[in-house]
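Nothing in this text is a laboratory measurement; each read-out follows from the coordinates by a stated rule. Just so we're clear, the structure is a prediction, and the values are computed from it rather than from any experiment. Please note: Cβ atoms are built from the backbone with ideal geometry, for glycine as well, and neighbour counts cover all protein chains shown.
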Amino acid sequence: MAFVRRKGNSFYLVHNVRHGGKVRQLHLARLGQRARITDEVVNEVSKKHPFVELNWRALRDQFNHTVNLADPNSPAVQRLISSLRALNLELADVSPPLLRISESPVVARELLVQLRLLQSTVQVKLEQFGRGRGRYGNANPQGRAR
């Protein structure tokens, strides 16, 4: 059975195997600072270790949605807030004239595509957090419940 193990600030997908009567850990993939199992991880592990059978659905269900927002001091919440602040600062520095003088129109187009995707994602998340007057009702930027 494969499982996720934390070592330092990174997570790894590992699998225990018996070799010569001893149990050894086989490192299947480095997952990074968040224990996310992406299609890229599945493809990489399947190519590197074709004989290891894994229940990818169970592993994804277990680890892909593990950010606990209940603890404001948790490292995951602090990283999320820090990343959002950094993204806001980076986006504040991007201006349309900068895009027009870009030497690569491909980069400018990709940036616009990613900004639109970000806008959609943020809108969906704001709607999820703003539903009803429940738990996140006070998180509304205008300070009033919907």
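Rounded, prolate or oblate: which fits region 2-63 when a ≥ b ≥ c are the square roots of the eigenvalues of the alpha-carbon gyration tensor, with rounded for a/c under 1.5 and prolate only if a/b beats b/c? Present the calculation step by step, with values, prior to reporting the outcome.
On the way: a/c = 1.84, a/b = 1.29, b/c = 1.43.
The shape class here is oblate.
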*Based on Cβ point charges of +1 for Lys and Arg and -1 for Asp and Glu, what charge dipole magnitude is obtained for region 2-63 about its Cα centre, in debye rounded to the nearest 20?*
320
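Counting other C-beta atoms within 10 Å, which of I81, I37 has the fewest, and how do the rest follow?
Details: I81 11, I37 23.
Lowest count first: I81, I37.
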*Taking 0.36 nm per intervening residue step and subtracting the Cα-Cα distance, what contour gain separates F51 from L117 on full extension?*
20.0 nm
*Please give, to one decimal in nm, the separation of the simple spin-label points placed at A92 and L69, each 7 Å out from Cα toward the Cβ.*
2.3
